[in-house]
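Since every read-out is calculated from the coordinates, none of them should be taken as a lab result. All of these numbers come straight from a predicted model, not from anything done at the bench. Every residue, glycine as well, gets a Cβ built from its backbone with ideal geometry; the counts of neighbours run over all protein chains shown.
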Amino acid sequence: MSQPNPSAPTLGPGFWEKFALLDRRIIFAFIFLGLALPLFYTIRQPIPVSPEGRAYYQSIENLPAGSKVLLSFDYDPPSSPELQPMAEATFKQLFTKNCKLVVIGLWPQGPQQAEQALATALRDPRFKDKKLEYGVNYANLGYMAGNEIVIQKMNADIISTFPSDYKGNATASLPIMRGVRNYKNFDFIINFSSGFVGTREWVQFCVDRSGAKMIAGNTAVQAPENYPYFRSGQLKGLLAGMKGAAEYETVAGQPGKGISFMGSQSVAHLVVILFVILGNIAYFVSRRKW
Amino acid sequence: MPGMVSLTLAGFLTLGIMSFVYKDNPIYKFCESIFIGVSAGYYFVLIFYQSLLPQLTDKIGLTGALTDSALAYYRQSGSLASVQWFNLIAAVLGMMMLMRLLPKIGWISRWPLAFVIGSIAGLKLIGELQTNIMTQIQKSILPLWAPQYVDGSLSLAASIGQSLTNIVLVGGILTGVIYFFFSKEHKGVFGGAARVGIWFLMVTFGAAFGLTVMSRMSLLIARIDFLLRDWLHLLG
Amino acid sequence: MRKPLILFPLVFLFLFVFASAQTPPTPVDSLQAVDTPDDAGGQVDLTWKPSPDEGRAVSPVIGYQILAAPAADSTFVPIGTASAGATSVTAKDRLENGRPYYFKIRAYAMDSSYAESEVAGPVVPKGSWWNTKPAYLRIVIWMVFVVGFILYNIRKAGKKELYIRPIAGIDAIDEGIGRATEMGRPILFICGLGDAAQAATLAAFSVLGRVAQKTAQYQTRLIVPCYEPIVFTICQDIVKGAYLNAGRPEAYNEKDVFFVVYDQFPYVAAVNGIMLREKPATNFYLGQFYAESLMLAETGFEAGSIQIAGTDQLIQMSFFIVACDFTLIGEELFAASAYLSKEPEQVGSIKGQDWGKVIFAGLSILGVVSVLLDENLRVHFFGFFRKLMLNE
């Protein structure tokens, strides 16, 4: 390797060689700053709504008031930054439409996530007058082990699949469960998922077998796997990651954490794109030299 | 006060795990051990109370007060209904799984395993065929020339756009299938098609990578928000 | 939606009290009840000819109530409703499999007078063994073909060696083992986060057997941290068996094949720690992976290990491609497993699936051609095929 010419400008080949070997901790530091600094400022940016996000909102909006909706919470706290804002906004839209909500979880911590999202939604002053009551307007049937077999079994009988709810009451005694036998007794199904068991299994074992209508909120990692189901109509709407949450909050007119975190998300993405471009230049310049 | 202690502990643990990006260190090891230990304990309790008790011992009648548990039903009617037989068979299969702990009869545990693998394979086969093969083939049979009409007259730009989308989709599917064809070496025209297939895959991987970066950023934002807002009260 | 529900009983009450002359409607005619086909049981399909008084000017029929009883002469209880205009309903409440039921329909007029139909039944609801709907028939046809191909090829593979094209990552497996032996450092093998029933995990088992046999021969340390309890026990069996086959049962160290924790991110934290402390020369990531793929592969890269990955989770492949030296994409993992094991079952399965793919591609091409001809030239092509594939 030749010595760099001392009279050459600083942005010479020497710079790119060094850049190609840049300590990753420096990149981490930039990304950390890119994420943290925007939290101190209010960054207003347009949030374009994708067809999937709009369809998600619209399909709930099109439900007749008072519809019965089944929600499955198939994620745990590590994925809550992406999925919790979606869940909260979804609960609010459903309560606005006076829907009756039955929650289950196929991940052990799913029902607990649902409880938190429900609590946040119920604190909304708009629902004070509605006097929403547990067991009548909403219920949480808790977690059930068995993954896709649970989805399959619910197609035959939901009450025997979940004999008791999250609080230990007999499921059959809940007024909201009166007349509920299988998916046919629900007007709509919503799934929040971050992996297996999740949206894919719901499409396979619930939508395709019972003809139920379903929308889903996914982590961004998982979403590409489920886009084909939206395209084919097996899913009526799909939210992908925090961006999906922000889109939904935008279209529903309920600003929440999804929108407020998008500033950090955008700045961090710019930092990543910048490093990808610089990294590629560094790679090609160094390769040519070597 | 207890709230502040738990917040401080959470903040410390977050920073401890994050310190891994600098390098492996004793604080990270300490936090890692806590994470694994707490998680193992938490899952044990969760599965014990949410799965083992309600699904096994309650249904047999060893715990709980179910009136249709196997034991209660037997006491009442002197016989068992089919559901209770199923529960008992499941319990026996579960016990057989534990035989692994006894080296001499450990082979017994393979039977319930075979049952699980066989039944799930059967269940999944139907699901995969229906959802990922039948429906997806149906939805990907698209016209390669898709005329689009705007206000009753043919729009050439829209038609070309839609047709290109369809061609890319159908081409991507076919060349992708060719790449995963193992009975013929990738040479000549066949090899060329397979090469196009792998390009399609690489583009998909790129998109997936981008979305995952977004996902990871979201997790980090939430943690930073916790550190700055909930713990240090630096944000309003 | 809510209002009529509240108003309904009020209207009834009002009419009941104040109506001066009630004229009962004509009951529904030709009530028929049959067990619902292609279901899990507990349902009965009812059909009838509507009451001619649905359209009468004075006090028309406004709805029907479905009644059921276990015997024709016992008390009938309401189990459902149907609105005026309906001629069929699937009764599914309170019906148990294997018990006979009798049904009748009560037609209600606006003035709350009603008339009951003749009794239909008995019908015994039962679950069906076979679902005869066309959607399922198609699946059966596919299954017969694909399973038939696989079985045929397994038979063939038992008699002679079948060709599977070379796959780039396969040679790397032996190279990776050789490298670890030369460097005197361990090999780390991760079977993913899937359960023992998933195809990718099964393929990983096959490769693990091969790797363990080699490490036994070369006396290289093999570390297998497991995520799933059942996968853990199987891994133990495989590694132990491989060491036995290689004639070195004493070299097998039970503590090197261990269960970590059944929780994704703590598992990652633990395996990352192992990578940095044990500094394995080669890391294998084969099986089902989720969000942890990048974290594992990134740490392994940082630790300077040679990395070989394979999964059928296409999304996770992207991270392995970026951070690993060799990758087995999707089905290549299964092909690699067949290639290495040479077992007729595995080789035959790959061959059978290849035949299935030919049919898949052929049908797609036929479909696209038929749509092209149909929509542009109005030539109806492969009518039967379109019916079969497109459900038209």
Query - Principal-axis tilt of helix A:257-289 within chain A, Cα atoms, nearest 10 degrees - result: 40
Query - Of the trypsin sites (Lys or Arg not before Pro) in the range B:8-115, those whose Cβ has at most 15 other Cβ within 10 Å and which sit in DSSP loop - result: B:23
Requested in this report: Using the Kyte-Doolittle scale, find the helices of chain C whose mean hydropathy is at least 0.0 and whose Cα atoms extend 20 Å or more along the helix's long axis, counting only whole DSSP H runs.
Outcome: C:2-18, C:134-159, C:168-183, C:199-218, C:229-245, C:264-278, C:344-372
Query - Inter-chain shielding of A:129-136 (mean C-beta neighbours from other protein chains, 10 Å cut-off) - result: 0
Requested in this report: Name all residues of the range C:27-67 having a backbone nitrogen under 20 Å from the label point set 7 Å from the Cα of residue B:77 along its Cα→Cβ direction, giving them as ranges.
Outcome: C:41-43
Query raised in the report: How far is it, in nm, from the label point at residue C:34 to the one at residue B:43 when both lie 7 Å from their Cα along the line to the Cβ?
Result: 5.1
Report summary line: Rg (one decimal) and Dmax (whole number) from the Cα set of the range C:262-311, in Å, equal 10.1, 27
Query raised in the report: Amide H to amide H under 5 Å from residue C:196: which residues, 5+ apart in sequence or cross-chain, H placed 1.01 Å off N in plane?
Result: C:231
Query raised in the report: When chain B is modelled as a GNM with alpha-carbon springs shorter than 10 Å, which of B:150, B:213, B:170 fluctuates the most?
Result: B:150
Requested in this report: Can you spot the lysines whose alpha carbon is less than 20 Å from residue A:236's alpha carbon? Ignore those fewer than 8 places along the same chain.
Outcome: A:68, A:92, A:97, A:100, A:184, A:213, B:139
Query raised in the report: Taking H as built 1.01 Å from N, whose amide H comes closer than 5 Å to the amide H of residue C:222, not counting residues under 5 places away?
Result: C:187
Report task. Pick out which of A:53, A:211, A:14 has the largest mean-square fluctuation in a Gaussian network model of chain A, springs linking Cα atoms closer than 10 Å. Result -> A:14
Query - For the range C:170-185 versus the range B:70-107, the gap between their alpha-carbon centres in whole angstrom - result: 47
**Report entry** Net charge dipole size for the range B:43-194 [Lys, Arg +1 and Asp, Glu -1 on Cβ; Debye, nearest 20]
**Finding:** 580
Query - Hull volume in cubic angstrom per residue (convex hull over the Cα atoms of chain A) - result: 160
Query raised in the report: When the helices in the protein assembly as shown are scored as -39500 (n - 2.57) per DSSP H run of 4 or longer and the sum is shared across all residues, what 222 nm value do you end up with, to the nearest 500 deg cm²/dmol?
Result: -16500 deg cm²/dmol
Query raised in the report: Residue by residue, what Karplus-based ³J(HN,Hα) values in Hz, rounded to whole numbers, does the range C:109-114 have, using 6.51, -1.76 and 1.60 with θ = phi - 60° and x for Gly and Pro?
Result: 9, 4, 7, 6, 6, 8
Query - Spin-label pair residue B:12/residue A:17, simplified geometry with 7 Å Cα→Cβ offset, distance in nm - result: 4.7
**Report entry** Separation of the residue B:235 and residue B:157 label points, Cα + 7 Å toward Cβ, nm
**Finding:** 4.2
Report task. Using DSSP to define loop residues, name the GluC sites (Glu not before Pro) in the range C:233-318 whose beta-carbon has at most 16 other beta-carbon atoms within 10 Å. Result -> none
Query - Longest segment of chain C lacking chymotrypsin sites (Phe, Trp or Tyr not before Pro) that sit in a DSSP loop with at most 11 other Cβ atoms within 10 Å - result: C:164-392
Query raised in the report: What whole-number value in cubic angstrom gives the convex hull volume per residue for the C-alpha atoms of the protein assembly as shown?
Result: 243
**Report entry** Projected area, mean over directions - the range B:58-191, Cα convex hull, nm²
**Finding:** 18.5
Query raised in the report: Of A:93, A:45, A:234, which has the largest mean-square fluctuation in a 10 Å C-alpha GNM of chain A?
Result: A:45
**Report entry** Of A:169, A:271, A:219, farthest towards positive along the dipole that unit charges on Lys, Arg, Asp, Glu beta carbons give chain A
**Finding:** A:271
Query raised in the report: Across all directions of projection, what mean area in square nanometres is found for the Cα convex hull of the range B:161-213?
Result: 4.4
**Report entry** the range A:166-290, dipole about Cα centre (Lys/Arg Cβ +1, Asp/Glu Cβ -1), debye to the nearest 20
**Finding:** 220
**Report entry** HN-Hα J in Hz across the range B:112-128 - Karplus 6.51, -1.76, 1.60, θ = phi - 60°, x for Gly and Pro
**Finding:** x, 4, 4, 4, 4, 4, x, 5, 5, 4, x, 4, 6, 4, 5, x, 5
Query raised in the report: Mind checking the angle between helix A:24-36 and chain A's longest principal axis? C-alpha axes, 0 to 90 degrees, to the nearest 10.
Result: 50
Requested in this report: Could you please rank B:8, C:181, C:75, placing first whichever residue has the fewest other Cβ atoms within 10 Å of its Cβ?
Outcome: C:75, B:8, C:181
**Report entry** Cα-based equivalent ellipsoid, the range A:113-241: semi-axes from gyration tensor eigenvalues, Å
**Finding:** 25, 20, 14
Query raised in the report: Once both axes come from the Cα atoms, what is the angle between helix B:2-18 and the longest principal axis of chain B, in degrees from 0 to 90, rounded to 10?
Result: 50
**Report entry** Global geometry of the range A:1-146, whether rounded, prolate or oblate, following the gyration tensor of its Cα atoms and the 1.5 cut on a/c
**Finding:** prolate
Report summary line: Note: residue A:283 to residue A:130 extended length (0.36 nm per residue) minus current alpha-carbon separation gives 48.9 nm
**Report entry** Leading residue at positive end of dipole, the protein assembly as shown (Cβ point charges), from A:120, A:191, B:168
**Finding:** B:168
Query - Theoretical gain in end-to-end length, residue A:173 to residue A:32 [0.36 nm per residue, Cα-Cα removed] - result: 45.7 nm
Requested in this report: Using only Cα atoms, figure out Rg for the range C:162-341 and give it as a multiple of 2.2 N^0.38 Å.
Outcome: 0.92
Report summary line: extent check for the range A:109-165: Cα max minus min per principal axis, descending, whole Å, gives 39, 21, 16
Report summary line: Across B:218-231, the residue-averaged tally of Cβ atoms belonging to other chains within 10 Å stands at 6
Query raised in the report: If you place +1 on the Cβ of every Lys and Arg, -1 on the Cβ of every Asp and Glu, and leave all else neutral, what size is the dipole of the protein assembly as shown about its Cα centre, to the nearest 20 Debye?
Result: 700
Report summary line: Normalised Cα Rg of the range B:143-236, dividing by 2.2 N^0.38 Å with N its residue count, works out at 1.84
Report summary line: Rounded to a whole number, the mean other protein chain Cβ count within 10 angstrom for residues of B:200-211 is 6
Query raised in the report: By how many nm would the segment from residue C:151 to residue C:244 lengthen if fully extended, with 0.36 nm per residue of separation less the alpha-carbon distance?
Result: 30.4 nm
Report summary line: Percent antiparallel among DSSP beta bridges confined to the protein assembly as shown, rounded to 5, stands at 45
